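The values are calculated or read from the model by the stated rules, or taken from the named source; none is laboratory data. What you are looking at is a predicted structure, and each value in this text was computed from that prediction instead of being measured. Here the Cβ is made from the backbone with ideal geometry for all residues, glycine too, and neighbour counts use every protein chain on show. Note: areas computed on protein heavy atoms with side chains; ligands, DNA, RNA excluded. Shrake-Rupley method; radii C 1.70, N 1.55, O 1.52, S 1.80 Å.
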Amino acid sequence: MLRRRFLSLLAASIAVPPFATACRKQGAFRVGIHPWPGYEPLYLAREFGWLPAAVDLRAGRNAGDSIAAMVAGEVDAAALTLDEVLVVRDQGVHASVVLVFNHSVGADAVMVRAEIESPAQVRGRRVALERGAVGEFVLHRLLQAAGLREVDVTLIDIPPDRQLDAWRAGEMDVAIAYEPTLSLLEREGGRRIFDSRQFPGLIFDVLAVRSDRLSGQKKVLDALLAAHFRALAHMRVNREDALRRIGAWRGLGFEETERSFAGLSLPDVLGNRAYLDPAGARSIVPAARELAGLMRGAGRLTSDDRLDRLVDPDFLPRNRVSL
């Protein structure tokens with residue numbers, strides 16, 4: 001997944017991808033976001049001028065930045081995984097999911113050194129992950145599959161944006177990560193031994209909005225979601241153009257960029273309506289309940305969230321969105 005000069009390029013693109021504003025817009029609706037393929041339609045929408053003027057994409061380096069900004073009230077909404085939304089709610093910030101960016105079917109993975117051939121062989125190894133984020137859930141599933149416990153490995157809190165340096169420095173043997181880090185580690189000889197295909201239906205990336213920031217934001221959110229779906233349509237109709245643009249600001253080649261989306265399902269408006277229907281057969285609410293139970297058992301949640309208004313489909317476009 002590297003040319004020497006790429007690290008500085010990647011660091012720049014992760015810190016302020018891809019056209020960050022010099023200062024925060026006055027009265028803006030601020031959206032916390034960090035590098036992840038499922039969120040790229042928002043960057044495409046900004047590049048094409050489709051985002052509403054009131055929306056300010058506030059870029060962080062990793063999920064922890066987005067979680068912290070959401071809890072601190074520095075952003076009004078954030079792109080997070082479903083389990084991360086539960087963490088935010090557990091910290092006293094009521095937030096509702098208004099959009100499902102993607103369903104992970106292989107895009108969250110465990111990368112290892114060449115000598116490690118199976119999950120069981122991570123015993124006694126140094127495992128890098130971002131604590132307090134989706135990496136913890138992947139770790140739980142990895143250890144479960146390997147018949148191991150946390151005490152059987154050495155955990156190192158290194159978020160994906162810093163894992164390439166740590167890998168090169170020999171500071172870890174195993175990385176729990178997502179794109180674009182997976183592709184970068186693969187360039188360095190890492191190989192995948194476990195991913196979200198082994199536990200489908202639980203990792204969703206979503207847009208969550210603080211409930212105390214919803215008042216008067218109906219038009220902005222409607223326009224924001226419409227811009228997302230318009231960019232998603234561009235990715236489907238003009239796939240090569242979209243992937244080359246994304247690869248340019250992520251420092252990845254075309255094939256690497258294409259591969260980064262291979263483990264993702266990106267739902268359209270109809271798919272979102274199904275996911276955000278609390279009583280529907282495809283609703284994400286049952287997945288949230290399962291996640292909450294697992295997270296409480298692992299000590300990641302302290303409260304018993306009843307998941308009231310976890311999802312809110314009212315901002316989705318009424319019809320399909322096309323170019």
Segment 227-323: helices (runs of 4 or more DSSP H) wholly inside it with 2 or more residues that are more than 22 Å from A133 (Cβ to Cβ), out of contact with any strand residue (DSSP E or B) (no Cβ under 8 Å at 6 or more places or on another chain) and modelled with pLDDT of 95 or more are 239-250, 269-275
Within segment 37-81, the residues that are aromatic (F, W, Y) and either farther than 17 Å from F204 by Cβ or open to solvent by 10 Å² or more (accessible area, probe 1.4 Å) (or both) are Y43, F48, W50
Of all helices (runs of 4 or more DSSP H) fully inside segment 103-206, the set with 3 or more residues that are open to solvent by 30 Å² or more (accessible area, probe 1.4 Å) is 134-146, 160-168
